[in-house]
Structure formats: structure tokens, C-alpha cells
Amino acid sequence: MNSREIELSGHIIDSLILPKVLDIIMDYGGDFQINEFQVGKLKSDISTAKILVENEDPKILDSILDELSEIGASIAQIKEVELLESPKDKVVPENFYSTTNHTTTILRNGVWLNVDEIEMDCMVVVDDKNKKTFCKPLNQIKKGDLIVVGREGIKVTPPQRPRGKKGVFEFMNSDVSSEKPLNSTIENIASEIKEIKLKGGKIAIVGGPAIVHTGAADLLSQLIKEGFIDYLFAGNALATHDIENALYGTSLGVCIKTGNVVKRGHRHHIRAINEINNAGSIKSAVEKGSLKKGIMYQCIKNNVPFVLAGSIRDDGPLPDVITDSMIAQDKMREYLQDVDMVIMIATMLHSIATGNIISSKVKSICVDINPATVTKLADRGSAQVVSIVTDIGTFMPLLYQKLHK
């Protein structure tokens, strides 16, 4: 039998890490032996375990170890990390280590180095000259980059479930349900937002056009004006319909105030894009006085950076929309490095994209009337996300009310 000993440390019982480890081993047809197990006696104490993992096939054993590393297990017999050079741009060695979104460190020349800019599904690149190590997505790999390969010398530390009083941001504890107590959940989120802002932290919002359709654009505009929001990520649709609403009081030709279809209102979103094209940009339209209110207006007036990532179905698009998705992705990465919270509202693709490039340490909220959106986020590894299944027209007024309580 081929075998390796792994170590677990932290709140491994109430975070359900220990049973998950055993499940993974058995699911792959492996065997295990618990060599050491110490349970913390106080709430502040951690628990530790050493488990011998066995399988006849070394490839299956490696697969087991890969799965276990994603939930925080580390190999007990620590060796130096193994590195290989990238043979060409955008190509990595076959046995590359694929990152999780959890805090990761590697052992290099006897020193544990923290992996900067951590996100899931990337490579770990080592810069020996500056004694740094950081994440790189595949499309940014350059020939000669030193790439971490294999499993040796790598430690992954998932967020621990808080001890004591239950909090809204409990890791791996956000069930997808429309029957959650909405009022108290939003009140807790509002408290977290205020605490972050009092400490000088930053909050990003990821929004879809339903924010405008449901009449919540004014509330989001006000939150930006009052300094609660530091970054905005969206697509062409949110910005276009926000500007349409600001110019003509409609969204997709429907009057926001009355809900009635406006005669020839179907032209309004194209007229809105045309107006901004004529000005040259959203900022120019604000400076010239043709755009006087709305979400995008407040972003310009309050120096809130925004990333508008385009898609194949866009009308126009607006001149500020980034049509190269990789450039938009890199711009989002740049802003997300110092963010403490991300609020994702009514946009499946932009929410999943954002979830893929943030660390599990970032407090994250996903609000959508479609349960599939929040489920997909969790399924793709963003287990730290607080999921709220509700209408945006209900969520935004409640949030605004709680923030000003």
C-alpha cells in the first residue's frame, strides 16, 4: 500500500472538516488510520489530528491528497516545494498545482511564504529574487516562470467557523433557501457593512439590470453617494438601463414609477447609449451636464471606480464597456485585492466571475430571486458566500433602512 500522513488543525469538528476528510478518502476507495487525535476542551482551543491515508494506486493516492488539500489538510512530512519552469507563454508543467481560494503558504528555502493575490484555479509562481510568491491565471503565465508543481511544501488554511455566538458569515454554513429570516439576516449584513466602513474598509457591489427594473436604482445611487460603496462591477445592461432611467424615467421602455409601457419606449435604451456615445463617455456626459443623476452619475461624482464587462448580447455597447473579457477580468482583480466585502445582486454570470477571483477571506453576499445563482456560486467553490433568495426590490429598501437605523 502507498501511504502518506496528513495533518488537520483548527476547529475541525464543528466546521465538519474531519468527517469531510474521511468521506473523501472512502469515496476514492482509499483507507485511513487515525494516528493522533486531540480535541480542544475550550471554545477557544483548536483540535488536531494526524491521519494515515492509504491506497494501492499512487495516482489515486495523489488524487485523494489533492482533494484533501482543498479543505485544509497538509502532508505531515514537510518537504520543500517543487518548482518547474514554464516552457512557453500560457503553458505550465503537466503536474502544476491548482490553487483554491483559501489562504495558502509554501515552503521555499526553509521559509514559509504567503501566496499573494490568492484565488481559485490559478498557478502559484515563485519570484526567488524578491522572495515573493503569488497567484497567476493561466493566460498570464510567461515562459520561464517558476511554477509550483506536485503537493509537497504547500499548506492551505480555510476560514474557520466562528466559535460562540452564531454569525451571518459562517464559513460553509449558508444554506440556499427562500425561507431564511430575511429581516434579521439583512440587519446583520448592515451591521457588518457599517463595521467595515468604520474601520476604513472597502466594499464592492456587483449588480445586474434588475436593480433598475425593480426601482432600486435610486437606493443604490444613494449608497454610493453616502460612501458605502467603493467599487462597482457590472455589465453594459446595468449602466445602460440606469442611464435610460436617469434620462427618460424608463427601463426597457417601462416607466419605473407607474410600471406602464411608454409609447415608443423600446427606443429609449438605444437613445441612452447614443447620448453617451455623442458625449464620448459616461464621465463626459456628467461633466457636460447631460447626465444628472443615477448610479453611474454617482460613481463619477464620487470617484467610485467601475468595471463594465461586455457580453455577446450587448446593445451598443456604451463606450465605457470593456469588450475584452480578459482585460475586464484583470481590472476586477486589481480592485478586489483590497476589498473586505463583496455584495452580488441579481447577476448570475458577473457574480460567479467575481466569486472565482476573490479570496475566501472576503465577506461575500449573493442576492438573487433565482436559487440557481447562489447554488452555482457554492458549487464552484465560493462556500463562504451568504446566500439570500429574494427579490431585489425587497432587499435594497430593507438594506438601506437597516444601514440608517
Quiz item: Taking the Cβ-Cβ separation of residue 94 and residue 121 as r and a Förster radius of 25 Å, what is the calculated FRET efficiency to the nearest 0.05?
Solution: 0.95
Quiz item: What Kirkwood hydrodynamic radius do you get for region 22-145 when you take the inverse of the mean 1/r over all pairs of distinct Cα atoms, in Å?
Solution: 16.5
Quiz item: Antiparallel as a % of all DSSP beta bridges within the chain, to the nearest 5?
Solution: 65
Quiz prompt | For the chain, alpha-carbon Rg and Dmax in angstrom | solution = 23.8, 76
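Determine the alpha carbon to alpha carbon distance for each of 79/131; 132/361; 143/361; 59/155 and list only those over 24 Å.
Beyond 24 Å: 143/361.
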Quiz item: What is the log10 of I(q)/I(0) for region 42-105, computed with the Debye formula using one identical point scatterer on each Cα and no solvent, at q = 0.17, 0.23 Å⁻¹?
Solution: -0.83, -1.26
Exercise. Report relative contact order for region 1-108 in percent, whole number only (criteria: Cα-Cα under 8 Å, sequence separation at least 6).
Key: 31
Exercise. Multiply the residue gap between residue 261 and residue 39 by 0.36 nm, knock off their C-alpha separation, and tell me the result in nm, one decimal place.
Key: 73.5 nm
Quiz item: How large is Rg/Rh for region 94-135, to two decimals, with Cα atoms and a Kirkwood Rh?
Solution: 0.95
Quiz prompt | Taking the chain and dividing mean pair separation by its residue count, relative contact order in percent (alpha carbons under 8 Å, at least six apart) | solution = 15
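Are there any GluC sites (Glu not before Pro) in region 59-168 that are in a DSSP loop and have at most 12 other Cβ atoms within 10 Å? List them by number.
Those satisfying the criteria are 80, 94.
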Quiz item: Translational D (Stokes-Einstein, µm²/s) of region 1-72 at 10 °C and 1.306 mPa s when Rh comes from the Kirkwood sum over C-alpha pairs?
Solution: 128
Practice problem: Would you kindly work out the equivalent ellipsoid of region 181-234 from its C-alpha gyration tensor and give its semi-axes, the square roots of five times the eigenvalues, largest first in whole Å? | Solution: 19, 16, 10
Self-check item: Long-range tail of P(r) for region 201-269 (Cα pairs > 18 Å, %)
Solution: 36
Quiz item: If the cut-off is a Cα-Cα distance under 25 Å, which lysines reach residue 292, setting aside same-chain residues fewer than 8 apart in sequence?
Solution: 225, 257, 263, 283, 301
Quiz item: Kirkwood hydrodynamic radius (Cα pairs, Å) of region 197-331?
Solution: 14.9
Quiz item: Taking the radius of gyration and the Kirkwood hydrodynamic radius from Cα positions alone, what is the Rg/Rh ratio for region 255-301, to two decimal places?
Solution: 1.04
Practice problem: Place a label point 7 angstrom from the Cα of residue 152 along the Cα-to-Cβ direction, then list the residues of region 1-15 whose backbone nitrogen is under 19 Å away. | Solution: 2-7
Exercise. Treating the angle as unsigned and between 0 and 90°, give the value, to the nearest 10°, between the Cα long axis of helix 392-403 and the longest Cα principal axis of the chain.
Key: 80
Exercise. May I have the extent of the alpha carbons of region 342-405 along their three principal axes, as whole Å values ordered from largest to smallest?
Key: 33, 24, 15
Practice problem: Work out the charge dipole of the chain with +1 on the Cβ of Lys and Arg and -1 on the Cβ of Asp and Glu about the Cα centre, then indicate which of 348, 63, 138 is farthest towards its positive end. | Solution: 348
Quiz item: Antiparallel DSSP bridges in region 297-395: what percent, to the nearest 5?
Solution: 0
Quiz item: Quick one: helix 17-27 against the long Cα principal axis of the chain, what's the angle to the nearest 10°, folded into 0 to 90?
Solution: 70
Exercise. Report the normalised scattering of region 275-340 as log10 I(q)/I(0) at q = 0.15, 0.17, 0.25, 0.26 Å⁻¹, calculated by the Debye formula with identical scatterers on the alpha carbons.
Key: -0.54, -0.69, -1.13, -1.16
Exercise. For region 112-160, count the residues as N, evaluate 2.2 N^0.38 Å, and divide the Cα radius of gyration by that value, please.
Key: 1.15
Exercise. Within region 7-99, list the trypsin sites (Lys or Arg not before Pro) lying in a DSSP loop whose Cβ has at most 15 other Cβ atoms in a 10 Å radius.
Key: 41, 43, 79, 90
Practice problem: May I ask you to compute the full-extension gain from residue 281 to residue 330, defined as 0.36 nm times their residue separation minus their alpha-carbon distance, rounded to one decimal in nm? | Solution: 15.5 nm
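Could you tell me which trypsin sites (Lys or Arg not before Pro) in region 233-294 are loop residues by DSSP with no more than 11 other beta carbons within 10 angstrom of their beta carbon?
In loop regions of region 233-294 (DSSP not H, G, I, E or B), the sparsely surrounded trypsin sites (Lys or Arg not before Pro) are 257, 263, 264, 292.
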Self-check item: Separation of alpha-carbon centers, region 194-272 and region 330-364, rounded to whole Å
Solution: 19
Exercise. Wrap a convex hull around the Cα atoms of region 269-391, take a quarter of its surface area, and give that in square nanometres.
Key: 8.3
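Any read-out appearing in this document is the output of simple, stated calculations on the displayed coordinates, not a laboratory observation. This one's a predicted model, so the numbers in the text were calculated from it and none came from an experiment. In this analysis, Cβ positions are derived from the backbone assuming ideal geometry, glycine residues included, and neighbour counts consider all displayed protein chains.
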